[in-house]
1. So which residues in the range 729-762 are small (Gly, Ala, Ser), in a helix (DSSP H, G or I) and within 41 Å of the chain's Cα centre (by Cα)?
2. Residue by residue through the range 596-614, note down the ones that are in contact with a Phe, Trp or Tyr (Cβ under 8 Å, 6 or more places away or on another chain) and at pLDDT 90 or above.
3. Is one or more of the residues making up the range 253-262 in a helix (DSSP H, G or I), aliphatic (A, V, I, L, M) and surrounded by fewer than 24 Cβ atoms within 10 Å (Cβ to Cβ)?
4. Ser754 - would you say it is farther than 30 Å from Ser584 by Cα, small (Gly, Ala, Ser) and in contact with a helix residue (DSSP H, G or I) (Cβ under 8 Å, 6 or more places away or on another chain)?
5. Ile323 versus (1) in a loop (DSSP other than H, G, I, E, B); (2) closer than 20 Å to Glu634 by Cα; (3) among the aliphatic types (A, V, I, L, M): which is the lone unmet condition?
6. Can you pull out every residue in the range 448-476 that is over 21 Å from the mean Cα position of the chain (by Cα) and in a strand (DSSP E or B)?
7. What pairs can you find where one residue is in the range 340-357 and modelled with pLDDT under 90, the other is charged (D, E, K, R), and their Cβ atoms are less than 7 Å apart, with a gap of 6+ or different chains?
8. Quickly run through the range 502-518 and pick out the residues that are of a type in the set (Lys, Arg) and touching a strand residue (DSSP E or B) at 6+ places or on another chain (Cβ under 9 Å).
Amino acid sequence: MDSIQAGLLAKEFAVDRKLIEVLIQRGYDTREKMSAFLYPSFDDLTDAHKYVGYDAAVERIKQAIDSGEKVLIYGDYDCDGVCGTSILYNFLKSKGVDANCFLPNRHTDGYGLSIETLEKLAEEHLSDLLITVDCGITAVEEVEYAREVLGFDVIITDHHEQGEVLPDCLIFNPKLSGEDCYRELCGAGVALRLVEGLGGIEEMKKYLDIAAIATVADVVPLTYDNRIIAYYGLKVINSFNARRGIKMLVKSCVEGEVSSYDIAFKIAPRINSLGRLSDANAVLDLFCTDDNFLLENIVKELNDSNSKRMELTNDLTDYCMEIIRNYDFDEKPAIVLSNAYWDDGIIGIVASRITETFNRPTILITKSGEVFRGSGRSIKGINIHKYVSQCEDLLIKFGGHAMACGLSLKKENIDAFSDRLNQLILADYPMSYFIPHKRYDIDMSEIDSSLDMARGLKMLEPFGEGNPSIKFKESISSKDFRQMGVTQHIVCRENDKETVFFGGLKYREFLSQSEKKDIYCSLTLQSYRDRVFAQAKVQSIECKTAEEQGDYMPYLMTGFFGGEKYGEDIGLDEAISMSNKEFSTCFVCYDIDTYNDFCAKIKGAGKAVEVENRCSANYAPLTKIIFAPLSVKELGFYKNIVLLDEPLGYNIFKKSLSKHTKLYCLGNNGIIKKLSTFLPDYTKLSKIFVVIRDTLKTRDIYGISDLYYAIAKITDLEYNEFVLSAVVLADLGILKMSGKLYIDTAVKTKLSESRIYKLIEG
């Protein structure tokens, strides 16, 4: 498609031309494809009769309805399984069927069908027909037992990848159909299409809201059929006629109109929380009753359970991050971690977080009963189910799809599984594949109006897997951010746009400087009172060049925490040789002359090393040079840190780096002479001390930049002079930080006792 056609389509669809370009890049490269995407229609759904096994499953269920058979629905405990089970149960009950449903307990029953659970259910319900939802495709032995011993007729409805042998029963799984069918439905989507066959399109539409929640929650691609389901399901959720249970849950956790983001990060986690921590069966009533009292209790239970789940998830994420500090990013493309004491209800969530952070497939494994169970997530392009299936001889059971997997194995096979999985992936993908590449879709400089762009983005929703939200880059020099109240957040308001940086207070000074930098952000349409505006949420900052020294705060802060020298001295040639691998080594420098000299030598040696300035864009330990990092916490996953400039203190590195990280020092100290111009004399330092002391008496302040802004209105101190003064006071033991900054009044000392003052004074 040429630029003229793209321009015409932009006018026809009333969206910014850059959005048309993004759609073309995502494969919607004809007018017809683009129109179908922007204006979803039920007419574009796959003809369900084309699906293998669909008609036979529909006919068998119709037979059960007509002949008054008892039906048992066997679902899964996650959001997709809960939603799919609810859809089928609600439909069958509306037709007068004697139907019951069961969701296994993650902790006592495990995933999917089990013979022990089937025996219990057969005795309890005496059902004629067993229908699975979101499970069963690999349950060959269990289905045979259910049919031959327990006397069930069985229909499997599932969307996961099949094994080498299929269960001997009726099966409706889109994965078994050809490429002329849409094969990426979630479990609830499969149940929804089944209802369509049983009651028609209008009957199907009654359950779009439930199916939309599952479709977003299960992270299936929001394309084609799934996009239609999610698009219209969200309309139902946001309508006056929304299902009562969903409406009450939404009211408890979402402000304004519900988006796919709200489903993914607010609604679905609550629905999932009970199944992760206890028993998911209670969640079914959220979709199956209109009883206000019962729904109020369910919503409260979901919110309470979700709060506990969030706490456990955050704790486990922090724990795993500490383990990963020792990971070999040079040799292992996949992250596999195990611990017998983790909660198996949250390992999938944490695996997802780690995958997103490091751009690598991740599997977490923990003990569950007599075996170890694992949950994994993958990245675009790597089919995790394919590689796990090639380890079948080491596993007891496994299942899943391209982006997620579940498995069980014996403890003694965990290391062998991890080794083989990494070998298999490494055989197909070079380590360079795991380098985070393009981080934005649209450059803000190429659009006419942020507000119009935000309006146009609404046409591309719902966003999710397969239709990721549009990412933006804005190149700035100086931007005037203001602190939001007493929080760590900052905001910059400009006409019809505001830029918000949550947790960005420590970057405020850097953002105000004239140095060129790139902000990576999302963009949404917002309204407050009578004001409609575009809101950009900053996700990261990147600065590739260090053309000016700017402030010296990052270097001076190495002295704030003190610490004697440690690490190994290294020569220039040896340092350059450490840039050979894609991951593992970070070169840190603070002086502009050191930076320019080392960059020139690296280039002269034929190396191509990534460069960042002030801010580390991600946690993945990509080999790079970083100039004057504002935080060294992000560097804790490196195997090697090479300090090109001699720091004023070493504790800041000891505290942030893994005990397995090796620290090397090149030893340049030219930056020390440059600092002498900012060194106050004794009289001025005494005055600065008084201002700091009086300020900290009346306010709680947690950072040096915050302290500077607090006193800037009553002094004419230059920023570098102030920071250097604060560092000298810290070196003397007078100014301390323990959460917040404070003056230790018990310390009595002389300026001559400051090692840093004497060093800079020369």
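1. Residues of the range 729-762 small (Gly, Ala, Ser): 730, 733, 738-739, 746, 752, 754, 762.
Filter once more, so that each one left must be in a helix (DSSP H, G or I): 730, 752.
Scanning the range 729-762 gives a single hit, Ala730.
2. Our first condition is that a residue be in contact with a Phe, Trp or Tyr (Cβ under 8 Å, 6 or more places away or on another chain); within the range 596-614, this holds for 598, 609, 611-614.
Phe598 - this is the single residue of the range 596-614 that is in contact with a Phe, Trp or Tyr (Cβ under 8 Å, 6 or more places away or on another chain) and at pLDDT 90 or above.
3. No; the residues of the range 253-262 include none that is in a helix (DSSP H, G or I), aliphatic (A, V, I, L, M) and surrounded by fewer than 24 Cβ atoms within 10 Å (Cβ to Cβ).
4. Values: farther than 30 Å from Ser584 by Cα: yes; small (Gly, Ala, Ser): yes; in contact with a helix residue (DSSP H, G or I) (Cβ under 8 Å, 6 or more places away or on another chain): yes.
Here the answer is yes, as Ser754 does meet what is asked.
5. It fails just one condition, (1).
6. Across the range 448-476, the qualifying residues are Glu474, Ser475, Ile476.
7. Correct list of pairs: Asp344/Arg106; Asp344/Arg373; Gly345/Arg106; Gly345/Arg276.
8. First pass over the range 502-518, keeping only residues of a type in the set (Lys, Arg): 506, 508, 516-517.
Passing the criteria: Arg508, Lys516, Lys517.
The values are calculated or read from the model by the stated rules, or taken from the named source; none is laboratory data. Since the structure is predicted, the reported quantities are computational estimates derived from the model, not experimental observations. We place every Cβ from the backbone using ideal geometry, glycine too, and count neighbours over all the protein chains shown.
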